[in-house]
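The values are calculated or read from the model by the stated rules, or taken from the named source; none is laboratory data. In this text, all values refer to a predicted model and were calculated from it rather than measured experimentally. Positions of Cβ are generated from backbone atoms using ideal geometry, with glycine treated the same way; all protein chains shown enter the neighbour counts. Note: accessible area is taken over every heavy atom of the protein model, side chains too, but ligands, DNA and RNA are not part of it. Shrake-Rupley method; radii C 1.70, N 1.55, O 1.52, S 1.80 Å.
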Amino acid sequence: MTISFWRLGWRTLGRDLRSGELSLLIVAVTLAVAALTAVGFFADRLKGGLQRDARQLLGGDAVISSDNMPPAVFAEKARALGLDVVNTLGFPTMGRAADASGGATKLVALKAVEPGYPLRGTLRVTDQPGLPDGPTRSIPAAGEVWVDAPLLEALAIKVGDPLLLGDASFRITKIIVNEPDRGAGFMNFAPRVMLNSADMPATGLIQPASRLTYRMAVAGEDKRVTAFVDWALLEAKKPEVRGVRVESLQGGRPEMGKTLDRAEKFLNLVALLAALLSAVAVALAARGFAANHLDDCAMLRVLGLSQRTIASSYAFEFTLIGLLASALGVGFGYAVHYVFVALLAGLVDASLPAASLWPVGFGMGMGLTLLLAFGLPPVLQLAQVPPLRVIRRDLGNLRPASLAVLALGVIGFATLLLAASSDLTLGLIAVGGFAGATLVFAALSWLAVKALRLSVNESTAPRWLVLATRQISARPAYTVVQVSALAVGLLALVLLVLLRTDLISSWRQATPADAPNRFVINVMPEQGDAFASALRAAGVNQFDWFPMIRGRLIAINGKTVTPDDYADDRAKRLVDREFNLSHSAQQPQQNDLVAGRWISEEQGAISVEEGIAKTLNVTLGDTLVFDVGGMQTESKITSLRKVDWGSMRANFFVMYPVSQMPNVPSTYMSAFKAPETPGFDNALVRSFPNITNVNMTATIGQIQRVLDQVIRAVEFLFAFTLAAGLVVLFAAVTATREERAREFAIMRAVGAKSSLLRQVQRAELMGVGLLAGFLASIVATAVGWALAKYVFEFAWSVSLWVPLFGALSGAVLALAAGWWGLRDVLRRPVVETLRRASQ
């Protein structure tokens, strides 16, 4: 028999497509590629948009950002290099309408700019809301402010009306339509108010504890900008230069992508799980495909076809199937990524640039790797089927795949998954967790099969249980594969359910019913009595009242500390910025001591929150030196506290256990639940124009809406993983369909009733499902804890009922998959089954 491998491959491809034997493989590969490329297209377009708008997002070619006025040497160096320099100052504060306009108040994002702003991008304004806007190169004149349109509606004022900021009044003259360096495309939780830098002193808003952000933008020739950035990075590392951050086109604005970065991690996790499940489904489906073609290949060997031609034809067929399924997945993923853009509207700019070809190439490579690594090894064994199998059916059965071939494929697939994860820790936990889980499932299921055989007493147990036990123990290898595959599928589903219910719920943790919904800062010490009297007069009798001190950590145990002393990013940020410190003779009610003692009025002592102590690697007995307004204070850690951040109370990382610190500059803050009295906030700000009154109810509501968008996107992609999990369940249950059919046919031939065999089948499926679900739940809890701790940084708590519900869910899903995939086994005539077995 002479025929080329590609002609044979085309013929077998057409026949297998018509018979439906390749359907499961195509579905599995398509799902994996679609999930990965959907996230890939979305991330690629998002990164392209950020790169496109980098200069606008920065407001210059590079930016020096700090919480204090940047040292003059930075501006001097920039000008010496011939660069343009513009400074801005931003912070949250309260804006209010004049009494004649109702006196309403609103938290605003105040920004002071100077001539030349912005250096990059275009500021667009309009004279009235709804009118056409246009670009401008000017800034607000003295005594004027430009505002976002929503502020007018919130305060019930219009263009031309006064806006009160602190001790000064300004006239609204323009509406801001687009502010280039604000972070185009991302949510902002307070309307912008822009004023001239020369007007800032008149407001009296800058206080010792104000949360200020200074930004010095530079622009010029690329070579000069690069030289400045290189110099600034070295300068910022000097011990005497604290809190200075260098933002360039390469680094971007890190805070802008924080929400989307976490969302992308969720999406990547879901896509990774879909791909891992698809790999299991492909392996199971390919083995079933190979088992069904053993007799065909034996006949081809009898007719004289060489092993090389048979192997090449199947490799050709699977390559074509891989290309087809991958192309379908890429197309489907491209369509799905538009759903992400729609679901995250407001978080991302809908006018993102077109995607590059990288996700296409990655998707095609992933699909081919998936199919060839997990699907081809068992199929290639068909070329080794001996011709003698046509008369001896016991010859030429499939063997375990070559460890070398399988290892090579697994390593390649795992490498691609790690690349797709975009987060090494996430990829290692997901891929490594599943690899380890597979080995654990195989070992425990083998032990369970042995234990089951020993625990069932055939003389007293029901007949259906005895037969089901024999069915399971008669083919332990098949049972181990089936339980392991089911457990892997259920592991992904249980893990995602736990992430959805625990991690996201923790992310969106509801505040207590009596939690404060107002935070007031910048209350001057001389205003304390009057402020407390105003709250009591309004019916607020319980409120937090703490001093706020701005201090920078400069030494630990006598050694100067810098961000470079830490590898952890959070520790770097903490050392690089100023802390909000406080003091109180009494231990805060919502803080529990976990170590040490809180001694009232103990001098030279300090109490540290346990989380930040761990981050900074400090403990009881260590000494900390803070620079507070130029004065250094050295204190010994005498207690560690556990802070309930979900209480929405006034909490601090670091506190001194004393009632007075007279030599340090401070303001006061208060947290309380505001009364529902109309006009309460407006009256408070009118009485104390320098304070910042933050209405947390509105802010939390806005954050929750953003999280709702992210969650909807994650849940949408979850459908891919759910589908992949169901494919795995179906493939695992139906992998032994023909063996079951022959065994049941023999039983029926010797007199077993269909009702008994139906009980046997249900018992077997339920037993396998219960075991797989229980094992999957245990491992999902461990993997979920690792993801919560090391990737998403959430508090992780799992109910003890999870293994029980996982086991029950596994039994139900296994029964459902068995009913669908094995429904014709008991209906098939005995003669037909036995005739197939003898052919």
* Structure fact -> Scanning region 593-612 residue by residue, those closer than 23 Å to M661 by Cα and of a type in the set (G, A, S) turn out to be G596, S600, G604, A605, S607
* Asked: Does V63 fit the bill of being β-branched (V, I, T) and open to solvent by 10 Å² or more (accessible area, probe 1.4 Å)?
  -> no
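Working only within region 112-132, note down all residues that are in contact with a Lys or Arg (Cβ under 6 Å, 6 or more places away or on another chain) and either modelled with pLDDT of 90 or more or closer than 13 Å to N196 by Cα (or both).
Residues of region 112-132 in contact with a Lys or Arg (Cβ under 6 Å, 6 or more places away or on another chain): 120, 125.
Within region 112-132, just V125 meets the criteria.
Looking at this structure, is K77 touching a Lys or Arg at 6+ places or on another chain (Cβ under 8 Å), among the charged types (D, E, K, R) and modelled with pLDDT of 90 or more? Show your work before the answer.
Values: touching a Lys or Arg at 6+ places or on another chain (Cβ under 8 Å): no; among the charged types (D, E, K, R): yes; modelled with pLDDT of 90 or more: yes.
The answer is no for K77.
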* To do: Within region 553-562, track down each residue that is under 32 Å from the mean Cα position of the chain (by Cα) and surrounded by fewer than 18 Cβ atoms within 10 Å (Cβ to Cβ).
  => T562
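This table checks each residue for (1) open to solvent by less than 50 Å² (accessible area, probe 1.4 Å); (2) touching a helix residue (DSSP H, G or I) at 6+ places or on another chain (Cβ under 8 Å); (3) farther than 23 Å from L89 by Cα.
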position	(1), (2), (3)
T105	yes, yes, no
L110	yes, no, no
Y117	yes, no, no
P129	no, yes, yes
D133	no, no, yes
G143	yes, yes, no
A149	yes, no, no
V159	yes, yes, yes
* Asked: Which numbered condition trips up R740, out of (1) open to solvent by 20 Å² or more (accessible area, probe 1.4 Å); (2) modelled with pLDDT under 70?
  -> (1)
* Structure fact -> Within region 373-395, restricting to residues that are at pLDDT 75 or above and more than 30 Å from V29 (Cα to Cα), the one that is surrounded by the most Cβ atoms within 10 Å (Cβ to Cβ) is P387
* Asked: A538: more than 24 Å from the chain's Cα centre (by Cα), more than 30 Å from P239 (Cβ to Cβ), modelled with pLDDT of 75 or more and surrounded by fewer than 21 Cβ atoms within 10 Å (Cβ to Cβ), yes or no?
  -> yes
* How about region 192-219: which of its residues are buried (at least 18 other Cβ atoms within 10 Å of the Cβ), modelled with pLDDT of 90 or more and farther than 19 Å from P71 by Cα? -> R192, V193, M194, L195, N196, D199, T203
* Whichever residue in region 615-641 is open to solvent by less than 30 Å² (accessible area, probe 1.4 Å) and of a type in the set (G, A, S) and, among such residues, is farthest from P239 (Cα to Cα) -> S639
* Test: L729 is modelled with pLDDT under 70 and either assigned to a helix (DSSP H, G or I) or over 29 Å from A448 (Cβ atoms) (or both) -> yes
* Sort through N68, N87 and tell me the only one that's assigned to a loop (DSSP other than H, G, I, E, B) and either open to solvent by 20 Å² or more (accessible area, probe 1.4 Å) or touching a Cys at 6+ places or on another chain (Cβ under 7 Å) (or both). => N68
* Which residue pairs have Cβ atoms closer than 7 Å, lie 6 or more positions apart in sequence or on different chains, and pair a first residue in region 516-531 that is within 11 Å of W545 (Cα to Cα) with a second residue that is surrounded by fewer than 15 Cβ atoms within 10 Å (Cβ to Cβ)? -> none
* Name the residues in region 220-244 that are open to solvent by 70 Å² or more (accessible area, probe 1.4 Å), modelled with pLDDT of 85 or more, part of a helix (DSSP H, G or I) and not polar (S, T, N, Q), would you? -> K223, R224, D230, L233, L234
